[in-house]
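Worksheet: one structure, shown below.
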Amino acid sequence: MRMYDLITKKKNGEALTKEEIDFMIEGYTKGEIPDYQMSAMMMAICFQGMSEEETLHLTLAMRDSGEVLDLSRIDGIKVDKHSTGGVGDKTSLVLAPMVAALGIPVAKMSGRGLGHTGGTIDKLECFPGFSTSLTEEQFYENVNNVKLAIMGQTANLAPADKKLYALRDVTATVDQLSLIASSIMSKKLAAGADAIVLDVKTGNGAFMKTEPDAFALAEEMVKIGQNAGKKIAAVITDMDQPLGNAVGNILEVKEAILSLNGLGPKDFMEVVYALGTQMVLFAAKAETEEEARTMLEETIKNKTALDKFAEFVEAQGGDKRLVYQPEVLPSAGIVLEVMNTEEGYVSRIKAEDIGLASLVLGGGRVTKDSEIDLTVGVLLNKKRGDKVRMGDTLATIFANDMEKAKEAYAKIVCAYEIQPKQPEPVSMIKGVVR
Ligand code: URA
């Protein structure tokens with residue numbers, strides 16, 4: 001088989017066979033197929049697309065390019081959750097302990113933040129001593145004992161995707177649906193859970209800016225998951241403004257703890273409950289959505305989710321006392337309020353700009369090796385639909401450098417859109433694809 005012939009075939013709009021896709025992915029992972037041939041193939045796929053069958057074969061070939069976790073040593077139906085990335089998205093910190101508090105094993109692999117979006121691992125590292133570098137043994141043991149463990153993505157998880165994603169990033173071939181879906185799903189399938197709930201975000205701060213694109217991606221990923229024999233659902237959720245009020249690592253951890261104490265922002269909790277409902281249904285702990293939601297609400301009311309979070313933090317080396325005393329977590333030295341200069345209603349808060357403001361403050365990564373400041377970020381005092389008067393505080397900046405705080409200020413002012421009329425309420429949940 002020759003890569004040249006496969007590129008020609010795809011360029012002419014023909015479908016590649018399983019054997020051809022396996023040859024291509026294996027050869028590329030081993031370094032036998034050079035970047036320039038793979039780039040040509042990726043571009044041909046961008047123009048010609050891939051069938052459902054080809055997309056599945058590509059996903060499975062990438063999954064099998066490295067280790068595939070075998071979670072069969074963990075009792076029960078293991079559920080995983082994945083978000084396509086957003087701003088202020090601390091969902092896993094609240095959802096995972098809620099689900100685990102119901103006795104459902106949550107075995108999760110998470111990543112770090114990059115660019116304007118945050119990552120769960122960075123947030124968890126706000127607890128001194130907390131580690132996500134678990135061995136496979138520890139991971140299984142913690143899920144069995146605590147019902148919840150979160151591990152950093154191992155270097156050998158879908159290595160073909162890692163290499164290919166880096167290549168797509170510099171060859172303008174990221175934005176093809178089958179390529180995105182297979183990239184995400186290869187990692188999710190390698191992480192080994194029985195059931196997967198996807199949070200596909202849509203809006204200004206999301207990868208998929210429009211609802212039709214988000215639904216198309218959700219459908220593509222759900223098809224792959226089903227064809228690979230998994231229980232899978234995708235919830236399409238709003239990312240046209242940051243989720244909740246806090247953006248920035250420690251600020252988000254504090255908001256997550258508030259939420260576990262029953263004081264979570266409404267928009268945020270709506271997303272948590274929508275995702276949690278699907279997880280509980282997959283784990284066969286409830287028969288209807290209403291029943292699943294009631295069970296989840298109970299974990300907040302009776303504080304079992306809060307206690308589960310503390311137990312999980314301790315099991316991975318963190319200080320669980322901070323879960324009960326979050327005010328002890330360090331905070332940034334400079335606090336600057338962003339003043340409103342127009343009368344009206346907040347119609348939109350461009351999530352990407354708020355994410356970029358946090359990045360400017362040092363709370364996000366410019367490259368994957370950047371150091372981040374866990375204390376900085378932005379608290380949104382006003383959200384979409386709120387009435388605002390001149391002089392009201394729109395948002396509060398937490399910084400450790402005045403120049404950076406001023407830069408963030410300008411970005412936040414641009415992020416807020418104020419209009420004279422109150423906007424129609426926007427539903428956080430755009431739909432569910434099963
Ligand atoms: N996230 C991924 O993991 N892969 C893509 O291709 C796009 C977003």
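The values are calculated or read from the model by the stated rules, or taken from the named source; none is laboratory data. Only a predicted model underlies this, so the values are computations on that prediction, with no experimental measurement involved. FYI the Cβ positions are ideal-geometry reconstructions off the backbone, even for glycines, and counts take in every protein chain you see. Ligands, DNA and RNA are stripped out before the accessible areas are found, and what is left, the full protein with its side chains, is counted by its heavy atoms. Shrake-Rupley method; radii C 1.70, N 1.55, O 1.52, S 1.80 Å.
In loop segments of the range 305-409 as defined by DSSP, the trypsin sites (Lys or Arg not before Pro) with at most 14 further C-beta atoms inside 10 Å of their C-beta are 368, 389. Rounded if a/c is under 1.5, else prolate if a/b is larger than b/c, else oblate: which is the range 289-377, with a ≥ b ≥ c the root eigenvalues of its Cα gyration tensor? Oblate shape, in that a/c is at least 1.5 and b/c is the bigger or equal ratio. Solvent-accessible area of the range 200-247 (1.4 angstrom probe, protein heavy atoms only): carbon and sulfur portion equals 47 percent. Estimated purely from DSSP H runs of n ≥ 4, each contributing -39500 (n - 2.57), the mean residue ellipticity at 222 nm for the chain is -14500 deg cm²/dmol once divided by its residues.
Tell me the label-point distance for the pair residue 67, residue 175, using the 7 Å Cα-to-Cβ offset, in nm and rounded to one decimal. Taking the simple label geometry, residue 67 and residue 175 are separated by 3.7 nm. Which shape class, rounded, prolate or oblate, goes with the range 336-434 when its Cα gyration tensor gives a ≥ b ≥ c as root eigenvalues, a/c under 1.5 marks rounded, and past that a/b bigger than b/c marks prolate? Taking the square roots of the gyration eigenvalues as a ≥ b ≥ c, the range 336-434 is oblate.
Modelled this way, with points 7 Å down the Cα-to-C-beta line, the labels at residue 302 and residue 144 are 2.6 nm from one another. With 0.36 nm allotted per residue and the present C-alpha distance subtracted, the residue 209-residue 402 stretch has 66.2 nm of extension available. Peptide packing: for 63-73, 173-183, the average count of neighbouring Cβ atoms within 10 Å per residue gives the ranking 173-183, 63-73, highest mean first.
To put it simply, the accessible area of the range 1-53 at a 1.4 Å probe is 51 percent carbon and sulfur. Roughly to the nearest percent, how much of the accessible area of the range 67-133 is carbon and sulfur, given a 1.4 Å probe? The C+S portion of the solvent-accessible surface of the range 67-133 is 48 percent.
Springs join every pair of Cα atoms under 10 Å in this Gaussian network model of the chain, and among 113, 13, 152 the largest mean-square fluctuation is at 13. With the cut-off at 1.5 for a/c, could you classify the range 1-101 from its C-alpha gyration tensor as rounded, prolate or oblate? Taking the square roots of the gyration eigenvalues as a ≥ b ≥ c, the range 1-101 is prolate. Computed on the range 324-434, with alpha-carbon pairs under 8 angstrom and 6+ residues apart, the relative contact order is 40 percent.
For the listed peptides 162-168, 104-110, 43-49, a ranking on the average number of other beta carbons within 10 Å per residue, highest first, reads 104-110, 162-168, 43-49.
Each label was represented as a point 7 Å from its Cα along the Cα-to-Cβ direction; for residue 321 and residue 341 these points are 4.7 nm apart. Calculate the translational D of the chain in whole µm² s⁻¹ from Stokes-Einstein, where the hydrodynamic radius comes from the Kirkwood formula applied to all Cα pairs, the temperature is 10 °C and the viscosity 1.306 mPa s. Translational diffusion coefficient: 71 µm²/s. For the chain, the per residue solvent-accessible surface stands at 40 Å², with DNA, RNA and ligands left out and a 1.4 Å probe.
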